[in-house]
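Okay, structure first, notes after.
The values are calculated or read from the model by the stated rules, or taken from the named source; none is laboratory data. In this text, all values refer to a predicted model and were calculated from it rather than measured experimentally. Positions of Cβ are generated from backbone atoms using ideal geometry, with glycine treated the same way; all protein chains shown enter the neighbour counts. Surface accessibility is based on the protein's heavy atoms, side chains included, excluding ligands, DNA and RNA. Shrake-Rupley method; radii C 1.70, N 1.55, O 1.52, S 1.80 Å.
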Amino acid sequence: MVIKNKQLKNFLADTGLVDIKKLNEALKEAEKSKQPLGDILLKQKLITNTELKKVMAYIYGIPFVDLTKEKIPKDILQIIPQPVAKKYNVVAFKKIKDELSVAMLDPDDLQTIDFIKKKSGLKIIPCLSTEESINAVLRQYEKSLEAEFGDMISKEETEELTKGVKEGENEKQNASKKDLEEIAEDVPVVKIVDTLLKHAILESVSDIHIEPGEKEVIVRFRIDGILHDAMILPKKLAAGIVARVKVLSNLKLDEHRLPQDGRFKIQKDEYKISFRVSILPVFDGEKIVMRLLDESSKGLTLEQMGIEGKMLELVHREIKRPNGIILITGPTGSGKTTTLYTILDILNTPEVNISTVEDPVEYRMARINQTQVKAKIGMTFAAALRSLLRQDPDIIMVGEIRDKETLEIALHAAMTGHMVLSTLHTNSAAASLPRMLDMGAEPFLIASSVNLIVAQRLVRRICNDCKEKYNLSEKEVENLNKSFKLDEIFDFLKNNKETKKYLKGKKSWTEVDFYRPKKNCPDCSGGYKGRVGIYEMLKVDDDIKKLVQESASTEEIEEKAKENGMITLAEDGFVKIIKGITTIEEVLRVTAE
């Protein structure tokens, strides 16, 4: 139920809260500016927010509650998780038998009400409240979070935590090794770090960022490729947190000037998580970034990663070849390593010897010989690769080709009967061939060795529970055409067996159904849930080999590959857009150059 301006005006006139003349003037301004009457009245200070909400509650036919001075029992407060309460401004405050009373700002938000009903199994009694009232209750979540930490964020605790550190040394990170060892084992610090790690695991976080500032420590979680603020901690806890992470990672406690890398594991009945740790000195201390790797999860299939149709057939055909190179390209964080491991998992049979050179070894795989690069002692990619060739390998995986020496060894290995898998940092599949030429490899060697190049990006999956259909306007199509060749993509989609049914009878982009997330979905992160890949695959056929030997440009190679049937990143992105897997905004975000 939406309260119309005239409806609100009539009810306010009956209450006598606002002078009728001023009320009529406010109504005229609201209609002229196309704003809610309530906003105009608040702006002109003709009514208080509490008075307005009480009238609106009366119109809705629901109770009004003011919780600014109420203490909500913890067991009732926690019925609605903090992220849901904070995002949708809805809090639980009373429970009688199977009825749960919730305060909210938008009683029309039936989706959130239904979500809470399903999760709690209780009958929901919605009540209207004010922003001030909701915020007062939201602050009680923070207190419950402190209770989970055992009040270790309190002033007294932080002073106790750092009592062994001399004045000024905490900020300068110059405390003695003995002091830091004591801090790292202190119960509150252990609880803080354990709680951060537990929350990160439960929320399917890929990276934890712990960033020291001048007065506080900011903790951020990366979920589905996007960073979110998780919590803010007092600056005095920085030394203890860093020390604790160093102890877990078996790093030097008293080294604050140089970067350090390490790893550790947490294993429970329900999960086994490996943490890859990087510690870097910054202006206000030491920044920690931890990459979370789920070792208990089952490997993905190519189909689950988003490879389908002709591209799936091409990958399966190429990985069956006995020799040659398959390259996976894309920026950092685009899922290249996951694709390599997925292919290795398919190839991993008792009949073949598989060896890898990685930096770092991210996932352990049974029956695969994995070697960690250690540049400090001379174990570089090139040195390790030379040694691997004397280990009678059938399949070699090189984590990344970074220099001419590694590239040439990999190309020669591919020519002499080995299947080589590796990654390269380029923006497109076609750009990989000129990149190898720029690195100093001979054109004939590249043309003879490279079989397939896969470029990829990761886009967020739209949440199935909250997505809605919509159509583009002419103006939106015009703007979109600045980023994509829409005419080419439209023709491709109409002729693609995966998508032609979605465009049947459609003559223009404005007739095509697209999907977007609704604003109020309690069960996902901003309308998205999980990620999927978009791909382009360049088969190095005779036409491409000829262009490589002629040292052709990226544009020439890409044009010829498209003539020969290559599906581009944008085209595969639109396949997933049309099928309702992701959104235009996501594909635009990862393909914009």
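Among K482/K545; K177/K235; K268/K579, which pairs are too far apart, with a Cα-Cα distance over 26 Å? Display every interim value, and only then the final one.
Details: K482/K545 32 Å; K177/K235 20 Å; K268/K579 38 Å.
Long pairs (Cα-Cα over 26 Å): K482/K545; K268/K579.
Rank by packing, highest mean first: peptides 117-130, 239-252, with packing defined as the count of other Cβ atoms within 10 Å averaged across residues.
Values: 117-130: 17.6, 239-252: 21.8.
The peptides rank, most packed first, as 239-252, 117-130.
Count neighbours as other Cβ atoms within 10 Å of each site's Cβ, and list the GluC sites (Glu not before Pro) in region 533-582 that are DSSP loop with at most 14 such neighbours. Show your work: numbers first, answer last.
On the way: sites: E536, E550, E555, E556, E558, E559, E563, E571; in loops: E550.
Filter output for region 533-582: E550.
How many percent of the accessible area of region 434-563 is carbon or sulfur, using a 1.4 Å probe? List each step's numbers first, then the result.
Details: 2810 of 6860 Å².
Exposed carbon and sulfur together represent 41 percent of the surface.
Using a Cα-Cα cut-off of under 17 Å, which aspartates and glutamates could be cross-linked to K69, ignoring same-chain neighbours fewer than 8 residues away?
Counting by Cα, and skipping residues close in sequence, K69 has these aspartates and glutamates nearby: E131, E132, E142.
Which one, S387, V289, I208, projects farthest toward the positive side of the charge dipole computed for the chain from Cβ point charges (K/R +1, D/E -1)?
Toward the positive end, the furthest listed residue is I208.
Residue by residue through region 482-489, what is 3J(HN,Hα) from phi via Karplus (6.51 cos²θ - 1.76 cosθ + 1.60, θ = phi - 60°)? Round to whole Hz and write x for glycine and proline.
Along region 482-489, the couplings run 6, 9, 10, 7, 5, 4, 5, 5 Hz.
Please list 3J(HN,Hα) in residue order for region 435-452, calculated via the Karplus relation 6.51 cos²θ - 1.76 cosθ + 1.60 where θ = phi - 60°; whole Hz, with x for glycine and proline.
Running phi through 6.51 cos²θ - 1.76 cosθ + 1.60 with θ = phi - 60° gives 4, 5, 4, 5, 6, x, 6, 6, x, 5, 5, 5, 4, 7, 10, 7, 9, 8 Hz.
Report, in debye and to the nearest 20, how large the dipole of region 323-384 comes out about its Cα centre when Lys and Arg carry +1 and Asp and Glu carry -1 on their Cβ. Before the final figure, lay out the partial values.
Details: 5 positive and 5 negative charges, 36 e Å.
Here region 323-384 has a charge dipole of around 180 debye.
Got a sec? Charge dipole of region 471-593, +1 on Cβ for Lys and Arg, -1 for Asp and Glu; which of G505, A561, L547 is way out at the positive end?
Of the candidates, G505 comes out farthest on the positive side.
Per-residue ellipticity at 222 nm for the chain, helices alone: DSSP H runs ≥ 4 residues times -39500 (n - 2.57), over residue total, nearest 500 deg cm²/dmol? All intermediate terms of the calculation are to be shown ahead of the outcome.
Working: 26 runs with 245 residues, N = 593.
It comes out at -12000 deg cm²/dmol, rounded to the nearest 500.
Subtracting the Cα-Cα distance from 0.36 nm times the residue separation, let me have the gained length for E132 to E214 in nm, one decimal. Each step should come with its number before you reach the end.
Details: separation 82, 0.36 × 82 = 29.52 nm, distance 2.97 nm.
Working it through step by step, the gained length comes to 26.5 nm.
Just flag the trypsin sites (Lys or Arg not before Pro) in region 340-376 sitting in loop per DSSP whose Cβ has no more than 15 other Cβ atoms within 10 Å. Spell out each step's value before the answer.
Values: sites: R364, R367, K374, K376; in loops: R364, R367.
Filter output for region 340-376: R364, R367.
Setting aside same-chain residues fewer than 8 positions from K4, which aspartates and glutamates have a Cα under 12 Å from its Cα?
E31
So, in nm, how far is label E303 from label R139 when the simple model puts each one 7 Å beyond its Cα toward the Cβ?
5.4
So how much slack lies between L258 and K320, counting 0.36 nm per residue of separation and subtracting their Cα-Cα distance, in nm? Mind dumping the intermediate values first?
Numbers: separation 62, 0.36 × 62 = 22.32 nm, distance 4.51 nm.
Extending this stretch completely gives an extra 17.8 nm.
Treating only the Cβ of Lys, Arg, Asp and Glu as charged (+1, +1, -1, -1), what charge dipole size does the chain show about its Cα centre? Round to the nearest 20 debye. Please list the in-between numbers first.
Numbers: 93 positive and 95 negative charges, 320 e Å.
Computed charge dipole of the chain: roughly 1540 debye.
Write down the accessible area per residue of the chain in Å², having rolled a 1.4 Å probe over the full set of protein chains.
Solvent-accessible surface per residue comes out at 51 Å².
For the chain, divide the Cα radius of gyration by the Kirkwood radius and give the resulting Rg/Rh value with two decimals. Don't skip to the end; give the middle numbers.
On the way: Rg = 29.5 Å, Rh = 28.3 Å.
Here Rg/Rh amounts to 1.04.
So for the chain, taking the charge dipole from beta-carbon charges (+1 Lys/Arg, -1 Asp/Glu), which of S101, G530, P360 sits furthest toward the positive end?
Of S101, G530, P360, it is S101.
Collect residues whose amide H, placed 1.01 Å from N in the peptide plane, falls under 5 Å from the amide H of V217; neighbours closer than 5 in sequence don't count.
Residues meeting the criterion, in which the H sits 1.01 Å from N, are L233, K235.
Which residues make up the longest stretch of the chain clear of chymotrypsin sites (Phe, Trp or Tyr not before Pro) that lie in a DSSP loop with no more than 14 other Cβ atoms within 10 Å, not counting the sites? Spell out each step's value before the answer.
Values: sites that count: Y271, F283.
It runs 284-593.
Taking the Cα centre of region 536-575 as origin, work out the dipole magnitude from +1 charges on Lys and Arg Cβ and -1 charges on Asp and Glu Cβ, in debye rounded to 20. Spell out each step's value before the answer.
Values: 5 positive and 12 negative charges, 28 e Å.
It works out to roughly 140 debye.
Please turn the phi angles of region 103-120 into ³J(HN,Hα) values with the Karplus equation 6.51 cos²θ - 1.76 cosθ + 1.60 (θ = phi - 60°), one per residue in order, whole Hz, x for glycine and proline.
Karplus values, whole Hz, x for Gly and Pro: 9, 8, 8, 10, x, 7, 7, 5, 5, 5, 4, 5, 4, 5, 4, 5, 6, 8.
Output the pairs from K118/K501; K272/K529; K529/K576; K404/K576 with a Cα-Cα distance over 25 Å in this structure; if there are none, say none.
Working: K118/K501 35 Å; K272/K529 22 Å; K529/K576 15 Å; K404/K576 37 Å.
Flagged as over cut-off: K118/K501; K404/K576.
Using amide H atoms built 1.01 Å from N in the peptide plane, name the residues 5+ places from R457, or on other chains, whose amide H lies under 5 Å from its own.
Those qualifying (amide H under 5 Å, at least 5 residues apart or on another chain) are I534.
Could you list which residues have their amide H under 5 Å from that of E70, counting only those 5 or more apart in sequence or on another chain, with H placed in the peptide plane?
Long-range HN contacts for E70: none found.
Can you list the trypsin sites (Lys or Arg not before Pro) in region 1-67 that are in a DSSP coil and have 12 or fewer other beta carbons within 10 angstrom? Kindly include the intermediate steps, with their values, before the conclusion.
On the way: sites: K4, K6, K9, K21, K22, K28, K32, K34, K43, K45, K53, K54; in loops: K4, K34, K45.
The qualifying sites are K4, K34, K45.
Below 17 Å, Cα to Cα, which lysines can K9 reach? Residues fewer than 8 away in the same chain don't count.
Output for K9: K21, K22, K28, K32, K34, K43, K45, K53, K54.
Subtracting the Cα-Cα distance from 0.36 nm times the residue separation, let me have the gained length for L437 to M365 in nm, one decimal. All intermediate terms of the calculation are to be shown ahead of the outcome.
On the way: separation 72, 0.36 × 72 = 25.92 nm, distance 3.31 nm.
My answer for the length gained is 22.6 nm.
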